[in-house]
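The values are calculated or read from the model by the stated rules, or taken from the named source; none is laboratory data. This is a predicted model, so every value here is computed, not measured. Glycine gets a Cβ as well: all are built from the backbone with ideal geometry, and neighbour counts include every protein chain shown. Areas reflect the complete protein model, heavy atoms only, side chains present, ligands, DNA and RNA absent. Shrake-Rupley method; radii C 1.70, N 1.55, O 1.52, S 1.80 Å.
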Amino acid sequence: MTAGVSTACLYPKPLEESIYDLALNGISCVEIFINTHSELKKSFAHGAANLLKRFDVKCVSVHPFTCEMEPMMFFSQYKRRMEDILEYYKYYFRFMNIVGAEIFVFHGGKPSSVCTDELYCERYSKLYRLGKEFGVTVAVENVARCKSSSSAFIKNIAGMLGDEFAFVLDTKQAVRAGETPFKFLEAAGNKTAHVHISDNGEMGDCLLIGRGRFDFRNFFAKLNALNPECNVILELYRNGFGGISDLVSSYNILKNMIGPYDKEYDI
């Protein structure tokens, strides 16, 4: 498993400054959160790639700023929207090719979307296949406000999609949806390709590691058994920590947790 930090943690700091600050502080793996269209331009992507290369930082994943548009663009009854959004998402995939990222985070539809599970799978499959043309894996993330908030839904579409499915597990979003991250691990199984990690407990559902009561030991044992090559990305909201030294501290704890993994705890 690989530990990393999302640039989203430092929002609203400009993306290139976030990459620089994380790299300068020894973070060797990042997820890039694209914040606006201009950041998808080739010139910007090459600048980001050069910055990553300068500090020997690996970008493993990309999160789109258009995630809030996905229910309308992917899951409406207006066919032209689907055609247009597939064309637009090529910008993300080209960006990913330039910076070397392989996992694309997809929120998908909301419960209010006019969308059966079958239609969800049909539309998602089109994006998944498009991603594969670019060497990118499009992975559905569990998000409390989306259809993916339910572990039962994830289990159902995972069974329907088979090999054309990948999953991003967000621990805080699982808690917000009234479920546990372990339920989503069970639902997605070895299709869990990526994790957004944080601690949770009495003080909140999105905490620095060590500030809550989440059972990291058991979680990483199960995750390691399902996918030992999974990326585990620290994703916190800006009001959840004091400064970048807090992120670095949590990142180092995370690396120690998943680094020389003790096989005694495999399942």
Exactly one condition in (1) over 21 Å from Asn35 (Cβ atoms); (2) under 15 Å from the mean Cα position of the chain (by Cα); (3) in a helix (DSSP H, G or I) is false for Met96; which is it? (1)
Within the stretch 194-216, can one find any residue that is in a helix (DSSP H, G or I) and at pLDDT 95 or above? yes
Pick from the stretch 217-253 the residues that are small (Gly, Ala, Ser) and in a helix (DSSP H, G or I): which of them is farthest from Ala177 (Cα to Cα)? Ser245
Considering only the stretch 10-20, state which residues are surrounded by 16 or more Cβ atoms within 10 Å (Cβ to Cβ) and touching a Leu at 6+ places or on another chain (Cβ under 7 Å). Ser18, Ile19, Tyr20
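Residues in the stretch 33-45: is at least one modelled with pLDDT of 95 or more, of a type in the set (Asp, Glu), part of a helix (DSSP H, G or I) and surrounded by fewer than 16 Cβ atoms within 10 Å (Cβ to Cβ)?
no
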So is Arg54 without any contact (Cβ under 8 Å) to a residue 12 or more places away in the chain and either in contact with a Pro (Cβ under 6 Å, 6 or more places away or on another chain) or basic (Lys, Arg) (or both) or not? no
Could you tell me whether Met82 is over 17 Å from Ala8 (Cβ atoms), open to solvent by 20 Å² or more (accessible area, probe 1.4 Å) and assigned to a helix (DSSP H, G or I)? no
Residues that are touching a strand residue (DSSP E or B) at 6+ places or on another chain (Cβ under 7 Å), under 17 Å from Met1 (Cα atoms) and open to solvent by 50 Å² or more (accessible area, probe 1.4 Å): does the stretch 188-205 have at least one? yes
What is the number of the single condition among (1) free of Cβ contacts under 8 Å to residues at least 40 places away in the same chain; (2) of a type in the set (A, V, I, L, M); (3) assigned to a helix (DSSP H, G or I); (4) surrounded by fewer than 19 Cβ atoms within 10 Å (Cβ to Cβ) that Ala144 does not meet? (3)
Considering every residue within the stretch 46-61, establish whether at least one is exposed (fewer than 14 other Cβ atoms within 10 Å of the Cβ), on the phi > 0 side of the Ramachandran plot and of a type outside the set (Val, Ile, Thr). yes
For the list (1) modelled with pLDDT under 95; (2) more than 20 Å from Cys59 (Cβ to Cβ), I need the number of the one condition that Ser245 fails. (1)
Please determine, by comparing only the residues of the stretch 147-163 that are more than 14 Å from the chain's Cα centre (by Cα) and in contact (Cβ under 8 Å) with a residue 40 or more places away in the chain, which one is most open to solvent (accessible area, probe 1.4 Å). Met160
The stretch 106-126, subset within 14 Å of Val143 (Cα to Cα) and within 19 Å of the chain's Cα centre (by Cα), residue most open to solvent (accessible area, probe 1.4 Å): Lys110
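Which one of these is of a type outside the set (D, E, K, R), open to solvent by 50 Å² or more (accessible area, probe 1.4 Å), assigned to a helix (DSSP H, G or I) and out of contact with any strand residue (DSSP E or B) (no Cβ under 9 Å at 6 or more places or on another chain): Met73, Met69?
Met69
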